[in-house]
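Here the structure comes first, spelled out in structure tokens, and everything after it is commentary.
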Amino acid sequence: MATLAPPRLLTAEEFYKLPDPKHGGKMELVRGEVVVHMPVGGPHGNLAAEVSGELRSFNRLHGLGSVGLEVGFRVARNPDTVLAPDVHFVRAARLPDGRHMPPAFFPDYPDLAVEIVSPDDTAKEVADKVAAYVAARAPRVWVVRPEGQTVTVHRQGGDVRTLGLGDVLTSDDAGFEIDGFELALDDLFA
């Protein structure tokens, strides 16, 4: 009787060298296995741009670090996991030159990971991503749910709170070291 060998698990370094998906979208590495996500729709992309724009404006004003879209973060080793949050923030002190992300995957967690839930995302997939970020020591994870118009803020230590219309995300929610950041959910979901 023939037995099939289990699939070979990739390292983050091997994963980085793979070609882009033929039909677009993004890829992540989950416990050594490649996961391909379909390209997102317009509302998802617009929401990611809005969140990124608000975070970038505050960051640029105060020089706190780096804000970007869909950058790979190696959040686990052996087997490797590389996740690409829709939006991220990394503090300047954790950047190689204090300002810019490295050319390949970031070798650790983001200080803020923002995941925008798409219609085809399952609750388990979202919970698994949050768990991976938290296990990697990410101080903040936002889960943005466009359909429910909520943002759930996860913090190290297990503190979780969900904000809705009428609420405001603050510097503390983003993990910024300077007060003054405010993002009203009414504006975000307008």
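Within the set of pairs 6+ apart or on separate chains, which have a first residue in segment 50-65 that is in contact (Cβ under 8 Å) with a residue 24 or more places away in the chain and over 17 Å from residue 94 (Cβ atoms), a second that is among the charged types (D, E, K, R) and assigned to a helix (DSSP H, G or I), and C-beta atoms under 9 Å apart?
50/187; 54/187
Restricting the search to segment 94-119, which residues are touching a Phe, Trp or Tyr at 6+ places or on another chain (Cβ under 7 Å) and in contact (Cβ under 8 Å) with a residue 40 or more places away in the chain?
Matches in segment 94-119: 104, 105, 111, 112, 113, 114.
Sort through 87, 82 and tell me the only one that's within 23 Å of residue 131 (Cα to Cα), free of Cβ contacts under 8 Å to residues at least 60 places away in the same chain and surrounded by 21 or more Cβ atoms within 10 Å (Cβ to Cβ). Working first, answer last.
On the way: 82 fails: free of Cβ contacts under 8 Å to residues at least 60 places away in the same chain.
Step by step, each of 87, 82 is checked, and only 87 is within 23 Å of residue 131 (Cα to Cα), free of Cβ contacts under 8 Å to residues at least 60 places away in the same chain and surrounded by 21 or more Cβ atoms within 10 Å (Cβ to Cβ).
So how many residues does segment 38-49 have that are free of Cβ contacts under 8 Å to residues at least 24 places away in the same chain and not small (Gly, Ala, Ser)?
Looking only at segment 38-49, we keep the residues that are free of Cβ contacts under 8 Å to residues at least 24 places away in the same chain, and these are 39, 42, 45-46, 49.
Add one more test, that the residue is not small (Gly, Ala, Ser), and what stays is 39, 46.
Residues that pass the stated criteria total 2.
Scan segment 26-35 for residues that are assigned to a loop (DSSP other than H, G, I, E, B) and either closer than 22 Å to residue 102 by Cα or out of contact with any strand residue (DSSP E or B) (no Cβ under 9 Å at 6 or more places or on another chain) (or both) and jot them down. Outline the logic, then answer.
Filtering segment 26-35 for residues assigned to a loop (DSSP other than H, G, I, E, B) gives 31-32.
Listed by number, the list holds a single entry, 32.
Just to be sure, is residue 105 among the aromatic types (Phe, Trp, Tyr) and either crowded, with 22+ Cβ neighbours inside 10 Å or at pLDDT 95 or above (or both)? Don't jump to the end; show me each part of the working.
Details: among the aromatic types (Phe, Trp, Tyr): yes; either crowded, with 22+ Cβ neighbours inside 10 Å or at pLDDT 95 or above (or both): no.
No, not satisfied.
Conditions: (1) over 22 Å from residue 143 (Cα atoms); (2) surrounded by 11 or more Cβ atoms within 10 Å (Cβ to Cβ); (3) not aliphatic (A, V, I, L, M). Residue 17 meets all but one. Number of the miss?
Going through the list (1) over 22 Å from residue 143 (Cα atoms); (2) surrounded by 11 or more Cβ atoms within 10 Å (Cβ to Cβ); (3) not aliphatic (A, V, I, L, M), residue 17 breaks only (2).
Kindly evaluate residue 71 against the criterion of being part of a loop (DSSP other than H, G, I, E, B) and surrounded by 14 or more Cβ atoms within 10 Å (Cβ to Cβ). So that I can check it myself, show each step before the final result.
Details: part of a loop (DSSP other than H, G, I, E, B): yes; surrounded by 14 or more Cβ atoms within 10 Å (Cβ to Cβ): yes.
For residue 71, the condition - part of a loop (DSSP other than H, G, I, E, B) and surrounded by 14 or more Cβ atoms within 10 Å (Cβ to Cβ) - is met.
Against the definition (surrounded by 13 or more Cβ atoms within 10 Å (Cβ to Cβ), modelled with pLDDT of 95 or more and within 18 Å of the chain's Cα centre (by Cα)), how does residue 65 come out, yes or no? Spell out how you get there, then give the answer.
Working: surrounded by 13 or more Cβ atoms within 10 Å (Cβ to Cβ): yes; modelled with pLDDT of 95 or more: yes; within 18 Å of the chain's Cα centre (by Cα): yes.
For residue 65, the condition - surrounded by 13 or more Cβ atoms within 10 Å (Cβ to Cβ), modelled with pLDDT of 95 or more and within 18 Å of the chain's Cα centre (by Cα) - is met.
Please work out if residue 40 is surrounded by 11 or more Cβ atoms within 10 Å (Cβ to Cβ) and either touching an Asp or Glu at 6+ places or on another chain (Cβ under 7 Å) or in a loop (DSSP other than H, G, I, E, B) (or both).
On the way: surrounded by 11 or more Cβ atoms within 10 Å (Cβ to Cβ): yes; either touching an Asp or Glu at 6+ places or on another chain (Cβ under 7 Å) or in a loop (DSSP other than H, G, I, E, B) (or both): yes.
The answer is yes for residue 40.
Considering only segment 120-148, state which residues are touching an Asp or Glu at 6+ places or on another chain (Cβ under 9 Å), touching a residue at least 40 places away in the same chain (Cβ under 8 Å) and farther than 14 Å from residue 87 by Cβ.
Result: 136, single match.
The values are calculated or read from the model by the stated rules, or taken from the named source; none is laboratory data. Keep in mind that what you see is a predicted model, and the values were worked out from it rather than measured. A quick note on method: Cβ atoms are made from the backbone with ideal geometry, for glycine too, and the neighbour counts reach across all protein chains shown.
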